[in-house]
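The structure under discussion appears below in the form of structure tokens.
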Amino acid sequence: MTRNHPHISRRIALRTVAGATLVSVAGCLNDNGGSGTSSDGTTPSGSKGPLTRVAVEGTTLVVELSEEADVNQVNLIQPNGELFGQRDVATGAQQVSFEIGTSYAPGEYRVLALEGEETVQESALSVQPNLSIVEMGIGKNQPEKMWDSSSDKISKEAFVSVENQGSGPDAITQLLFVGDVPYPSDEEGTNYDENDDVSGIYNPEKDTEVDEVVIKPGEQLTLYSYRSPFAFVRGEGTSCESEEQTGSFEVILETRVGANRISNPYSIHYSASEEFDNCEITISED
């Protein structure tokens, strides 16, 4: 944290950015019966075999079969080669599904269509989330982005827009603000960054802090903070001073799939004020 003249040295916990590789949402079959990809999950013309579409919808892996499919079982194989699950195919059925939730191992899954003991066809599908922070802001500065622009308590909270461009769902289990914010999530503030039981995420519909938020492949959603990271608390974090101050902080998302951590760095500026809680804050992405 720096002012115009003196320099303040304070410990800032730096976190690394962890991202997932962008992969296709749907896996389809090519003319040779192998695996291919398509943006809409449909089988390319000329493809042969009972499997017409394999895709992730929400937290479910869906397998669609052709009308002529002579298949009595579909198996789903995990990236480590172990069986994830199997589904019997009733006569005339054209779809089976596997609920993968948000505790699955990311990677390439194989779908096997069986007739008796024989594998008739196989398809591969990469299932992996790819989360990124699109935008963040402070309720006081952008009330229109909050759940209730007329509420006084939004001024101390923040919004964070998150997008999942991957092919698998994920669960966001913590929303953290670490660094030179007024009331950070580490030991210099609310001190919940090492507590897995505290998410720091507010659900306006339930009017409470929730354990996690599920984000589906292709979805963009907005998270709201719950622990007031932009509240001025005397003796905690950063307060207003008689001189302008500049610093930096990170917004961090803890996620379940692959135990990944996603973060974005930001710069923060405090205007000068004679009162510890009455300065203007502006932020910008680094």
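The table that follows gives values for the structure above.
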{"read-out": "Conditions (1) without any contact (Cβ under 8 Å) to a residue 60 or more places away in the chain; (2) not in a strand (DSSP E or B): number failed by Glu243", "value": "(1)"}
{"read-out": "Qualifying residue in segment 154-170 (condition: assigned to a helix (DSSP H, G or I), basic (Lys, Arg) and either more than 26 Å from Asp277 (Cα to Cα) or touching a residue at least 60 places away in the same chain (Cβ under 8 Å) (or both))", "value": "yes"}
{"read-out": "Test: residue in segment 187-202 that is in contact (Cβ under 8 Å) with a residue 24 or more places away in the chain, in contact with a Pro (Cβ under 7 Å, 6 or more places away or on another chain) and under 16 Å from Lys156 (Cβ atoms)", "value": "no"}
{"read-out": "Meets criteria (in contact with a Gly (Cβ under 9 Å, 6 or more places away or on another chain) and at pLDDT 95 or above) for Pro143", "value": "no"}
{"read-out": "Members of segment 63-101 that are among the acidic types (Asp, Glu), in a strand (DSSP E or B) and either closer than 21 Å to Pro169 by Cα or not assigned by TED's automatic domain parsing to the domain that holds Leu114 (or both)", "value": "Glu64, Glu99"}
{"read-out": "Residue in segment 254-263 that is assigned to a strand (DSSP E or B), free of Cβ contacts under 8 Å to residues at least 60 places away in the same chain and not aromatic (Phe, Trp, Tyr) present", "value": "no"}
{"read-out": "In segment 203-229, residue surrounded by the fewest Cβ atoms within 10 Å (Cβ to Cβ) [restricted to those that are without any contact (Cβ under 8 Å) to a residue 40 or more places away in the chain and not in a loop (DSSP other than H, G, I, E, B)]", "value": "Thr208"}
{"read-out": "Single residue of Asp180, Asp193, Asp170, Asp186 found to be surrounded by 16 or more Cβ atoms within 10 Å (Cβ to Cβ) and under 13 Å from the mean Cα position of the chain (by Cα)", "value": "Asp170"}
{"read-out": "Residues being exposed (fewer than 15 other Cβ atoms within 10 Å of the Cβ) and among the small types (Gly, Ala, Ser) - total across segment 246-266", "value": "1"}
{"read-out": "Residue within segment 89-111 that is closer than 30 Å to Glu205 by Cα and modelled with pLDDT under 95 present", "value": "yes"}
{"read-out": "Residue identified as of a type in the set (Asp, Glu), within 13 Å of Pro229 (Cβ to Cβ) and in contact with a strand residue (DSSP E or B) (Cβ under 8 Å, 6 or more places away or on another chain) among Asp211, Asp170, Asp186, Asp196", "value": "Asp186"}
{"read-out": "Segment 55-76, subset at pLDDT 95 or above and charged (D, E, K, R), residue surrounded by the most Cβ atoms within 10 Å (Cβ to Cβ)", "value": "Glu64"}
{"read-out": "Verdict on Glu157 being buried (at least 16 other Cβ atoms within 10 Å of the Cβ), among the charged types (D, E, K, R), over 19 Å from Pro79 (Cβ atoms) and assigned by TED's automatic domain parsing to the domain that holds Phe230", "value": "yes"}
{"read-out": "Segment 86-122: number of residues that are over 24 Å from Glu219 (Cβ atoms) and of a type outside the set (Val, Ile, Thr)", "value": "17"}
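Each row is one residue, and each column tells you yes or no for (1) in contact (Cβ under 8 Å) with a residue 40 or more places away in the chain; (2) part of a loop (DSSP other than H, G, I, E, B); (3) charged (D, E, K, R); (4) surrounded by fewer than 18 Cβ atoms within 10 Å (Cβ to Cβ).
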site: Ala113; (1), (2), (3), (4): yes, no, no, no
site: Ser123; (1), (2), (3), (4): yes, no, no, no
site: Glu135; (1), (2), (3), (4): no, no, yes, yes
site: Lys140; (1), (2), (3), (4): yes, yes, yes, yes
site: Glu144; (1), (2), (3), (4): no, no, yes, yes
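The values are calculated or read from the model by the stated rules, or taken from the named source; none is laboratory data. In this text, all values refer to a predicted model and were calculated from it rather than measured experimentally. Cβ sites come from the backbone with ideal geometry, for glycine too, and all protein chains shown count toward neighbours.
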